[in-house]
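The values are calculated or read from the model by the stated rules, or taken from the named source; none is laboratory data. This structure is a prediction, so every number in the text was calculated from the model and none was measured. Counting neighbours? That spans all protein chains shown, and the Cβs are built from the backbone with ideal geometry, glycine included.
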Amino acid sequence: MQNRMPFEVSKTESFYDKLAEWIGDLFYDILPEAGFELRDEQIYMAFQLEKAFKDKKIMFAEAGVGTGKTIVYLLYSIMYARYTNRPAVIACADESLIEQLVKKEGDIAKLEKVLGLNIDTRLAKSRDQYLCLKKLDQVRNQDFSDEISDIYQKLPDFIHMEGSMQSFERYGDRRDYPHLTDELWSNLNWDPLQDCFSCDKRHRCGLTLHREFYRHSTDLIICSHDFYMEHIWTKESRKREGQLPLLPEHSSVVFDEGHLLEYAAQKALSYRFTDYTLDTLLTRLMENEVREKTLYTIEDALLDNEAFFDSISQFSVLQKGSEKQIITKHPLVLKTCRKLLSTLQALEEELVFESELFVINEYDLKIVEEYLEQITYSLSLFLQELNGITWFEEGGGERTLVIMPKMVEEVMREEVFSQQKPFIFSSATLSNQKSFDYIANSLGVKDYLSFTVASPFAYDEKMDIFLPRFPKGSMEDKIYYLIKMVQQSEGRALILLNNKEELSELKKQMAGVISYPIYFEGEEEISTLVSKFQNEEHAILCSIHLWEGLDIPGRSLENVLIFSLPFPPNDPVFTAKREGVDNPFLEVDLPYMLLRLRQGIGRLIRSEHDRGTVHIMIDEEIDSFVLQSVTEALPTTPTEG
C-alpha cells in the first residue's frame, strides 16, 4: 500500500486522518497552483465523502454542474482502492458515457498529470460491445463486402494460430470499429445465441481477453449501471458453473447519474424471449441426427412459437414515443402460450434422451438446453398474475416478449447494499423537494448519508433560455426553427430528442439543408460521434441518449435545443409506475420530465468560461401549471415566445 500512496502513513497514524490532510493540501495548494479553480463546494463534498468511505456507508451526493464532484469522488475512490488493495468501481449511466471518463482531456487524465500518479483505469463493457468470432465467420460466408473482409483481415495473427498463445493483444471492442452503423454491428457482436463458456474460440475471444485485462485493475474499473447489476444477479450462478464473476472483489462503488440505477436493476432482472432466437436454435437442432419423435416435437415447437407471437402481435398496441407495446392478455394469447409451454417442456424431456445418444453437437445442445430453461420459466411467469411488467417489441425482423419486475427494493437491499462497502450515488438530480426518501425507498436503502451542493455558476450571466411555442404536432415548424437556430450559432449545437421517431424525422428533413457537419446517434459508435462533435467546432450532434453525462466544455457546444418537453412515454414501464401512485401526473410524469429537462440543460455550461443558449420547444396550448413548473425548474428566467 505505502509505495502507491502519494502520502506517508506510519503504523501509529490513521489512514483517514492522513488522507484528509492530503485532500486539504490538494484543494488549497496543489490543484490551484496547477491551474484548477478552487471551489468551496469541492472542499465541503470532500469532507462529506470522507464519512461515507470511513464508515462504509451509502451516500446520496447531490451536486450541481460545475461543483467538481467527479474529481472529488475519483480521489477518494483511488486512494481507498490503494488502501484496501482492491479496485474501486465507477458505474456510469450507460455504455455511451464510459468513454467520457477516460478521454484524453478528462478528469482522470488531469489528475494523473497534476499529481504525477499512474492511475490504473480499465473499462468493463457489456458483452454486446465486443466482436463475436463465430458470428463474423457466419457473416463472411454470406457477405463478401470489403467492409466485412477488412474486419477479418485486421484480426490479430494469434487468432488463427493453433496451440497455446505466447502473446496476445486485446481486440474486438465496438470502439475499434467506429465506422460501422449500429445495425451492421448487431450482425457481428455477441448475442444470446452464443454460449461463450463452451465456445471453442473462447481463449482467443476479444471479450475474454478484455475481461481478463480489466479484472486485474489496481485502481479503477469503469462500467455501466447495467453491467454492474448484471454482475450482481449472475455472480452466484457463474461461480456454480465454474466461471469468475463479471467483476473482481472491489472496495467501493460510485453510481454516477445514480438516479437512473433503479431502471438498470429492473432491466437486469428482466426476461427476454425472442421468436427469432428460438426459431434459429430449433432449426439448428434439426440439422443433427435426432430421433424421429424429437424431430416431430421440434416441428411442433416451431409452429407453436409462430402462433404464440402472432397472437401477441395481434393483441398488442404500440404507444407513441416508445418501442414497448402494451399486451392484452386475450384468451387466444393465453391459449397459444400454454400450448407453446407444453411443447417446449416435452422437448426438454426429449433432449435428455438425445444427450445420452451423443448425436447432437455438445455446444449446440448446451445452448438449446439453457435457452429452453429460460423460455419455459418466462412463459410460466407470463401466465401467472404476477406483480410484474410485461410488454412486446417488434422490429428488425424480430418479435420479443419482455417480463420485468415492478419493484426491486428488496432484492437490492439483500444483494447489493448488504455488502459492507461505501456506495456513493452522484448526480445533480437525486432529491425530490429536498428529500432523498423517494430514491432511497425505490432502491431499498434504509440507512444513508446525504448532502446537496448547488452549482456555483452565475447562470443569469452565462445562459439565455428561450421557450418558443409551436402548434401541437407541428414537426415541420419545429425543424425549420432548429435549422434557423443552428445556422445562427454556426453549428456548435446539441439537439436532444425523446425517441427514435423524432430522430428519424429530423434526419430526413435536415438532409442536405445544413452546411455544417451533422451527426446522428446510431450512424457510428457513440463515443466516436461525441469525439468528432467536440473536435469540430462548428458541428451539430443529434441524440436521444445524451441528456446525461455529456461533458463538452468550450466553443464546440454553445447551443442546446430540446425538441419537446421530455415527458415519459405511455409504455408498460411507466404505466406500472402510474398505477402505483395516487396522482400519476404529479407523482410520475411531471417529476420525470423536470428531472430530464434539468439534465439536458446541464449539458451547456460545463466550465466557468462557457456561455450559450438553450431552446426548449413547447406546445402553444401548454397547461399553465406545467409551464410554471418548467419555469421554476430552470436555472435562469426564460424568454417566452
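Please tell me if Ser164 is modelled with pLDDT of 90 or more and not in a helix (DSSP H, G or I).
Answer is no for this residue.
Enumerate the strands (runs of 3 or more DSSP E) found wholly within segment 480-550, keeping only those where 3 or more residues are touching a strand residue (DSSP E or B) at 6+ places or on another chain (Cβ under 8 Å), surrounded by 19 or more Cβ atoms within 10 Å (Cβ to Cβ) and among the hydrophobic types (A, V, I, L, M, F, W, C).
493-496, 540-543
Inspect all residues belonging to segment 599-616 and state whether any of them is assigned to a helix (DSSP H, G or I), over 27 Å from the mean Cα position of the chain (by Cα) and aliphatic (A, V, I, L, M).
no
Select from segment 28-41 the residues that are closer than 17 Å to Glu608 by Cα and surrounded by 12 or more Cβ atoms within 10 Å (Cβ to Cβ) and list them in ascending order.
Leu31, Pro32, Ala34, Phe36, Glu37, Leu38, Arg39, Glu41
So is Asp128 under 24 Å from Pro178 (Cβ atoms), among the acidic types (Asp, Glu) and touching an Asp or Glu at 6+ places or on another chain (Cβ under 8 Å) or not?
yes
Restricting attention to segment 42-63, report how many residues are surrounded by fewer than 20 Cβ atoms within 10 Å (Cβ to Cβ), within 18 Å of Thr452 (Cα to Cα) and in contact (Cβ under 8 Å) with a residue 40 or more places away in the chain.
Residues in segment 42-63 being surrounded by fewer than 20 Cβ atoms within 10 Å (Cβ to Cβ), within 18 Å of Thr452 (Cα to Cα) and in contact (Cβ under 8 Å) with a residue 40 or more places away in the chain: 4 in total.
From the set of residues in segment 212-227 that are in a helix (DSSP H, G or I) and touching a residue at least 40 places away in the same chain (Cβ under 8 Å), which is surrounded by the fewest Cβ atoms within 10 Å (Cβ to Cβ)?
Ranking the qualifying residues of segment 212-227, first place goes to Phe213.
Here are Leu590, Leu595, Leu541, Leu586: which of them is touching a residue at least 60 places away in the same chain (Cβ under 8 Å) and out of contact with any Gly (no Cβ under 7 Å at 6 or more places or on another chain)?
Leu595
Restricted to segment 228-244, and to residues that are of a type outside the set (D, E, K, R) and at pLDDT 90 or above, which residue is surrounded by the fewest Cβ atoms within 10 Å (Cβ to Cβ)?
Out of the qualifying residues, it is Leu244.
Taking segment 58-88 as the search range and keeping residues that are of a type outside the set (S, T, N, Q) and at positive phi, which one is modelled with the lowest pLDDT?
Residue satisfying both the conditions and the ranking: Gly66.
Quick check on this structure: which one of Leu365, Leu401, Leu340 is in a helix (DSSP H, G or I) and either of a type in the set (Ser, Thr, Tyr) or within 22 Å of Asp310 (Cα to Cα) (or both)?
Checking each option against the conditions leaves just Leu340.
Residues in segment 261-276 that are within 13 Å of the chain's Cα centre (by Cα) and either surrounded by 22 or more Cβ atoms within 10 Å (Cβ to Cβ) or β-branched (Val, Ile, Thr) (or both): how many?
The number of residues fulfilling the criteria is 2.
For Asp143, indicate whether it is farther than 19 Å from Asp182 by Cβ, out of contact with any Asp or Glu (no Cβ under 6 Å at 6 or more places or on another chain) and surrounded by fewer than 23 Cβ atoms within 10 Å (Cβ to Cβ).
no
Mind checking which residues of segment 106-151 are among the aromatic types (Phe, Trp, Tyr) and either at pLDDT 90 or above or closer than 17 Å to Pro192 by Cα (or both)?
Scanning segment 106-151 gives a single hit, Tyr130.
Just to be sure before I move on: is Asp279 at pLDDT 90 or above, charged (D, E, K, R), touching a strand residue (DSSP E or B) at 6+ places or on another chain (Cβ under 7 Å) and surrounded by 16 or more Cβ atoms within 10 Å (Cβ to Cβ) in the structure I sent?
no
Based on what the data block shows, is Asp137 among the acidic types (Asp, Glu) and assigned to a helix (DSSP H, G or I)?
Against the criterion (among the acidic types (Asp, Glu) and assigned to a helix (DSSP H, G or I)), Asp137 qualifies.
When Gly473 is evaluated against the numbered criteria (1) at pLDDT 95 or above; (2) more than 30 Å from Lys267 (Cα to Cα); (3) not β-branched (Val, Ile, Thr), which criterion, by number, is the only one it fails?
(1)
Return yes when Ala91 is within 26 Å of Met45 (Cβ to Cβ), of a type in the set (Gly, Ala, Ser), at pLDDT 90 or above and in contact with a His (Cβ under 6 Å, 6 or more places away or on another chain) and no when it is not.
yes
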